[in-house]
Every structure is written in structure tokens, then in C-alpha cells.
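The values are calculated or read from the model by the stated rules, or taken from the named source; none is laboratory data. It should be emphasised that the depicted structure is a prediction, and the values quoted were computed from it without experimental measurement. Neighbour counts run over all protein chains shown; Cβ positions are idealised from the backbone, glycine included. Ligands, DNA and RNA are excluded from the accessible area calculation, which covers all protein heavy atoms including side chains. Shrake-Rupley method; radii C 1.70, N 1.55, O 1.52, S 1.80 Å.
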Amino acid sequence: MQKSLLLLLATIISISSFGQKVTLSGYIKDASSAETLIGATAYIYADAIGASSNEYGFYSISLDPGEYEVEFSYLGFETVVKKLELSENTKLDVELSLASTQIEEVVVLAEAEDQNVKDIEMSVNKLDINKIKSLPSLLGEVEIIRSIQLLPGVTSVGEGATGFNVRGGSIDQNLVLLDEAPVYNSSHLFGFFSVFNPDAVKDVKLYKGGIPARYGGRLSSILDVRMKEGNARQLEINGGVGLIFSRLSVEAPIIKDKMSFVAAARRSYIDVLAGPFLEGDDNVLNFYDLTLKTNYTINDNNRIYASGYFGRDNFGFGAAAGFNWGNSTASMRWNHVFGEKLFSNLTFFYSDYDYKINFGDDAANKFDWDAQIENLSTKLDFNYFLNPQNQLRFGAQGIFYDFEPGNAVGVSEGEVTDFSVEKKFALETSVYVENEQDISSKIKLNYGLRWSRFDYLGAGDRYILGEAPAAGEERPIIDVERVGSGESIANYSNFEPRFSIKYQLNETSSLKASYNRMAQYIHLLSNTTASTPVDVWTPSTNNIKPQMANQVALGYFRNFKNNTYELTTELYYKEYDDLIDYIDEADLILNPQLESQVVSGDGRAYGWEVMLEKKKGDLTGWVSYTLSRSERLIEGINQGNWYPSRFDQTHNLSLTGIYAFNDRVSASANFTLISGTPATFPTSRFEFQGYVIPHNAEDMRNNVRIPVYHRLDASVTIKGKKHEEKRWDGEWVFGIYNIYSRRNPFTIYFGQERDRVQPGANTITQATRLSVIGNFIPSVSYNFKFK
């Protein structure tokens, strides 16, 4: 394996490195805050060559010695042109100022106007935080997770569902990163709000396909969220006050132009507002989070970062019952520049997700349950700017997993019963190499290879399972082997090739295609319609294989009217191997032998995505539509036939518009129309002594769809008057969520009247449609900035 990757790396370098060159390199920054800019461009028009800054704002271009006119640009900022005489390697840091005519709400993406056509990336969406802030939202809170659901291929199974689904995948198939640390539950308040504080977010990027080799570990998508570094020039305070929660962020230099920090906090006060309507004075109903980051520039070649996130949701009704869950992450990173061409980043991170449940306020009668998943990781990445035609990346990572499926203790009349499930441990390692190469002015490639290995480690039990009595039934445990600490219970390894190609048809249009193979070694076990905070994470074992996916995509990209309009349309097809599902009536909670109730099989997802976006003018916005299917084939389920997955939504239409009346007043609206999700309904019933027992006579899985989902939201933003000498800026945001009070069904369940049926009388049954939100929700919030 190592020989294959080293051979690929050596081949790329040997065919790409020739001729005597000099290198121009440095950082591209925001002049007002010294914040580095991701994806800014350095371009030489005379030679038609250039480079983009990486995730840390670093760029590098190798050139023949001579005189050059280099243009540095970033959408929304003034372009800077530098005339340079290059006779030797030169370092040049460039600062760009905000364009004087810039209106934040009209910006869609912070990148070159035609980058969607000329860049190699496809199946990728980059969201500017200012665009996210301008969209309508629930109760006036800026929402990253809900914003990406307005994009093609991204959905949710309904209001009150955590996470999001991408191209027919489950929520655990999305790797959500915050400053490179994984976040296992991206939602507050059962999915109504995300864990990301918008005042601390710098960049949001979603990969749905064409995923580069530097990413791995999940099948469906990568959501890469990068935090601000903090204003290194002056104090800046941002905040907002809403109906149910408020937020505040502070960023400032510690040592001007060398060290800065950002601290952002949010807290809801639902329990305070609801207090008068609840019995008792010790009820808890809130969520909070704290986001911190600092950085220090040691010298021109070294910079270090430290960041952390701490968030929690709390639900408690006196001492008798409580439920809380939360994420914690911490990252340490060191950037180092070797010469002018080689950039490195060393990352250490810690990530934790846990939940706790308790019942009973009597020491003799109570129940306490907690569970968690912890990660420790080391990751080393290199970015080698070989020449203007080749940018090479390579690196390695190791992740140690500590799973605690459940630590549960019950006390009844003083008698203690321990229901705990033993901890599980695992180690995942990977190495990768990838190259982005310009073959010609029309053809651009990105190709790479990732190798990953997963070890399920002791101490723990290795369950030896026999064959199920029949397909779809529980497998018997025929032996249990005890494995010592650090010893391997099971291990897997996989090669994961990646490839993307772009063909430039003309200045305004291009064709792109991609292929990626992904491996996923950890799984979220959930047999409910929507995932909940108490779902169980488990590693691949000797009985649960890693899930695999192969995806191909083909896209056409076109810009119209001087890049005012962008059209993106893609076809994709994805095949899954060893997807997990469960036998009927599977027991996944506090079950040490749950491996015997897990089944696996194949899957497929395919679809057509189209997005037309208007990026300039007073009216901006987009139309997004997805036509797709997501299906499973597992022996013993649905009579062995293909059936729709829980995340299969055939049609997904989203309309989003933002209109700037002037530099102070703007309005926005979005409309969403989505096919109902599949559900399993009974096809017949038995009656016994007046009680109805529903029955699925044909053993069909997901045989009915709940009604279609649709919703309209709108908001108006009014900014305060601006004065050059004024350091305080404020704005009022008025919004309405679910304008026409649509009662979108979350699920449908069946029941009968509670009264006992008299002999000879008919048993009356009914179907109940449950809606999480059934009325319109108005909101008002005030946002402010001081600098």
C-alpha cells in the first residue's frame, strides 16, 4: 500500500518538475481584520496562469524569472495589481479592502465570478456567511444547517429531525467538521437550530460528490465549517437579541497583527419565558454554546491556532426527570511553510458527544443513563505547489475512538440493577495523495488515492454468530471470545480512488465528471423515522462490515449575461455495499448483543439536480430542483425486493429570493416543496376481544408515503443609518416562518378509541397525523456590530 502511494507521488513530481523557476508566495488577507481569505486568486493575465489561496490563505506560483503584473482578487473586495520583477524566490503578503460599493446582502459567494465554470470542483456548494444571514429563518436565528437544505440534493425528513440528508444518504453518512474536528450531533433543540454560531463562522463548504482524497470516513458528504481567526487590527463586537435566545461575540487583537482571538456565545431562555406556565420553579429548558479561537503568528513561516466548541441542550422537569446532550471539540493546529512551495498543517483534535438521562428524585427509586463517543486524532497535511499546472496534496491521519454505548443503572426499592454495556475501542488510520493538474487551457484534472485501515480493538467480546433461521431474523450467538486490551477483534482496509475532470467548452460553459469511492467504519444505529440524540454509535466489528459507496457524476455548468446568472445541472448515480438495517422489532438500546439484530445489504441512489442562480443586481436568489430515488435491497426485508429508504424524497423544489430596496432595507423569502418520506403502514388487522392488532400481511417495508411537505417563509431587514464616524451598526430583522400555517406531517400513526368495545359493536380506529409545527411563527430580532 505505502509503495503504491509513494510511486504515485514520485511519478507526479517527476513529470511536473522541470525547468529553472522562481516562486512568488505569501498570504492573501482582509485589510480590515488581517483575516486570511480562502479561495482568493493571484492571476497573471499575460501568461494566463494563476493560483488560489488554500484553507489558510496561502498561495504559491512558480514562474520563469522576469517582470510580471499580478492581479490579486476576491469577490466583494477591491482588486490589487502588483508590478513585480522576479529574479529570485519572493514572499509577498497582500491585503485586500472591501469594495466601496459592496452591499453584503447581494454577495452570493466569496470567489471569482466565473469560478463555477472554470474550477475543477463539482457537486460542491460554498455558502458565504453573509448570504446565510440574509435568508429567512425560524425565530430570527441565522441557520447554517437549514440554509444548506435549500441547495439541490440536500434534504431533511421533517421539522424536528436532527441533521440533514445528502443524495439519499442517512445523517451519519455526513462528516461535519468544525475547524477539522468532527461534530457528531449538528443540531440544537431536536434539529430546529444548528450548533454553529454564525458570528464565529468564516467559511462553509459542502462536498456532495467529487470528494478529494484528503477527505474520508463518510459515504455521502463532507460539511467543512471554518471558524474566524479573530480581528487582528481592532476590537469588534457582534451580537443579536431574539425572542427566545441571544448571542454575543467578541474578537480583538492580543498583539496587533500577530495574535488575536474570537469568543462567541449563545443561550436560549425558553425556560425563563415558559416559567409562569409550568408547575414548579426548577424546570430547565434551554440550550447554550460557547465557541473560542485564538491564533499566533510566530514568524513568516510559522503560525499556530487553538479553537474549541462547547455546547449543550438541557431538558429537565424538577429533580424527577432530566435529559441533556452536547458536543465538545478542541483543535490545535500548526502551519509551517517550507521554502516557497511546500505548506504543511499539523492538527491535533479532541471530539466528544454525550447524552444523559435520569428519572426519579428518590435515592431508592431512580434510573440514570449516560452514553458517549470520544475521538482523539493526529493529522498531518502537506500542500506542495509544484508549478502553475500542478498542486499536490498528501498526508496521513490517525483517529482513536472510545465508544460508550450505555452506562445505565436502575434502583428500585433500594435494589440496584446495572444495565451498562461495555465500552468499545477502535483505531482508524489513513494516508492519501492527490494532484490537481491543468493538462491544457481546456482540460483540468484532480486525481488521487486514499488508503484507510480500521481496527476494532479490545478489551471486549468477539461474538461468533450462526446463520439466521430465516432471512431477516435474528442470528443466534454460538460463541463468545474474550479479547484482551489493545488486541484486534476485527480489522478492515480499503483503497479509495478519486477522480475528477473538467472540459472547458468556452469562456462561459464547461462539462465536468467525477468518481469517488468512500469507506465508512462507524455507524449510527437508529430504527426511528428521524434520528434522535439517544441513537447509538457503534464501530465496524467482525459481524458489522464497513459501509462502502461508489459514486459517479456528470455535470454541465453555464454562466449567462456577464456572469449574472449561473446554471448548474448534474446527474449522479451511487451504489452502496454493506448498508446496515435491522430485523423487525430490533432492540438497539442498551443491548450488548445488538450485532445479532443488524442485517446488511445493497443500496442505490440516483438523481438529477439543477440550480439556476442570479448573483447580481437588486434581486438575487436561486431556484433549486432535485429529482431522485434512494433504495435498499436487503435479504429478508420487503420479501427480498428493492424498497425506498427512509430518506427517499422523489421531488425537492426550493425557491429563494433576496431583494435589496436600498442600502438599508432588504427582504427575502423562500418556498420549499418536498415529496413525503416513506413509512411502513399495516395492510391488514386482527381483532381480539375488542382490540385491534395492526398487521403487515405482505411484509412490506416503507410501502406508503406521508403527504407532501411545503412551506413559505419571509423576512425583512432594516439597517440603521450609516455614518463614517459611527462605530455602531444595527439592524432589525422581522420574519414569519410557515406563513400560511401549513401543518406538515412528521409522521402518521394508528390507534383506536380507549373505551372498551362492547360485545357486538364495531371497533373504531383512526389514523393520526402528527405535525411538529402547525401554525405560522412570527419573529423579531436585533443584530448589532461595534468596531
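Things worth noting here:
- Tally, over the range 443-482, of residues that are surrounded by fewer than 15 Cβ atoms within 10 Å (Cβ to Cβ), hydrophobic (A, V, I, L, M, F, W, C) and more than 34 Å from the chain's Cα centre (by Cα): 5
- The range 120-135, residues that are open to solvent by 20 Å² or more (accessible area, probe 1.4 Å) and more than 30 Å from LYS444 (Cα to Cα): ASN130, LYS133
- Within the range 186-200, the set of residues being open to solvent by 10 Å² or more (accessible area, probe 1.4 Å) and either at positive phi or part of a helix (DSSP H, G or I) (or both) comprises LEU189, PHE190, GLY191.
- So PHE454, is it farther than 30 Å from GLN504 by Cβ, out of contact with any Gly (no Cβ under 8 Å at 6 or more places or on another chain) and assigned to a strand (DSSP E or B): yes
- Filtered by the rule that a residue be touching a residue at least 40 places away in the same chain (Cβ under 8 Å), part of a strand (DSSP E or B) and within 30 Å of the chain's Cα centre (by Cα), the range 706-729 gives TYR709, ARG711, LEU712, ASP713, ALA714, SER715, VAL716, THR717.
- Selected residue [outside any loop (DSSP other than H, G, I, E, B), open to solvent by 10 Å² or more (accessible area, probe 1.4 Å) and among the small types (Gly, Ala, Ser)] from SER260, SER246: SER246
- Considering the range 298-357, and only residues there that are among the basic types (Lys, Arg) and more than 26 Å from PRO388 (Cα to Cα), the residue that is least open to solvent (accessible area, probe 1.4 Å) turns out to be ARG333.
- Filter pass, GLY621 being out of contact with any strand residue (DSSP E or B) (no Cβ under 7 Å at 6 or more places or on another chain), modelled with pLDDT under 95 and either assigned by TED's automatic domain parsing to the domain that holds TYR709 or over 20 Å from VAL124 (Cα atoms) (or both): no
- When ARG233 is tested against (1) of a type in the set (D, E, K, R); (2) within 19 Å of SER331 (Cβ to Cβ); (3) surrounded by fewer than 22 Cβ atoms within 10 Å (Cβ to Cβ), only condition (2) is not met.
For every residue, the table says whether it meets (1) part of a strand (DSSP E or B); (2) among the hydrophobic types (A, V, I, L, M, F, W, C); (3) closer than 22 Å to SER156 by Cα.
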residue: TYR184; (1), (2), (3): no, no, yes
residue: LYS202; (1), (2), (3): yes, no, no
residue: ILE222; (1), (2), (3): yes, yes, yes
residue: GLN234; (1), (2), (3): no, no, no
residue: GLY239; (1), (2), (3): yes, no, no
residue: GLU251; (1), (2), (3): yes, no, no
residue: ALA265; (1), (2), (3): yes, yes, no
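- Residue satisfying all of: in the range 733-753; without any contact (Cβ under 8 Å) to a residue 60 or more places away in the chain and not in a strand (DSSP E or B); nearest to the chain's Cα centre (by Cα) among these: ASN738
- For the condition out of contact with any helix residue (DSSP H, G or I) (no Cβ under 8 Å at 6 or more places or on another chain), open to solvent by 10 Å² or more (accessible area, probe 1.4 Å) and among the hydrophobic types (A, V, I, L, M, F, W, C), PHE382 qualifies.
- Selection of first residues in the range 79-106 that are closer than 13 Å to SER25 by Cβ and of second residues that are open to solvent by 60 Å² or more (accessible area, probe 1.4 Å) and at pLDDT 85 or above, restricted to Cβ pairs under 6 Å at least 6 apart or on distinct chains, gives the following pairs, ordered by first then second residue: LEU86/PRO65.
- Some residue of the range 588-598 being within 20 Å of GLU635 (Cβ to Cβ) and either in contact with a His (Cβ under 9 Å, 6 or more places away or on another chain) or modelled with pLDDT of 95 or more (or both): yes
- Members of the range 157-171 that are open to solvent by 10 Å² or more (accessible area, probe 1.4 Å) and at pLDDT 90 or above: GLY168, SER170, ILE171
- Considering the conditions (1) hydrophobic (A, V, I, L, M, F, W, C); (2) out of contact with any Phe, Trp or Tyr (no Cβ under 7 Å at 6 or more places or on another chain); (3) modelled with pLDDT of 95 or more, ALA200 is excluded by exactly one of them, (3).
- Unique residue being at pLDDT below 90 and in contact with a helix residue (DSSP H, G or I) (Cβ under 9 Å, 6 or more places away or on another chain) when the list is ASN543, ASN559, ASN563: ASN563
- Taken together, SER412, SER430, SER420, SER377 contain a single residue that is at pLDDT 90 or above and either open to solvent by 50 Å² or more (accessible area, probe 1.4 Å) or over 21 Å from SER485 (Cβ atoms) (or both), which is SER430.
- Listing of strands (runs of 3 or more DSSP E) fully contained in the range 340-449 that carry 3 or more residues being touching a residue at least 24 places away in the same chain (Cβ under 8 Å): 342-362, 365-387, 390-412, 424-438
For every residue, the table says whether it meets (1) in the same structural domain as VAL166 (by TED's automatic domain parsing); (2) surrounded by 22 or more Cβ atoms within 10 Å (Cβ to Cβ); (3) more than 30 Å from ASN562 (Cβ to Cβ); (4) touching a helix residue (DSSP H, G or I) at 6+ places or on another chain (Cβ under 7 Å).
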{"site": "GLY617", "(1), (2), (3), (4)": "no, no, no, no"}
{"site": "THR626", "(1), (2), (3), (4)": "no, yes, no, no"}
{"site": "ILE637", "(1), (2), (3), (4)": "no, yes, yes, no"}
{"site": "PRO644", "(1), (2), (3), (4)": "no, no, yes, no"}
{"site": "THR650", "(1), (2), (3), (4)": "no, no, yes, no"}
{"site": "LEU653", "(1), (2), (3), (4)": "no, no, no, no"}
{"site": "PHE671", "(1), (2), (3), (4)": "no, no, no, no"}
{"site": "ILE674", "(1), (2), (3), (4)": "no, yes, yes, no"}
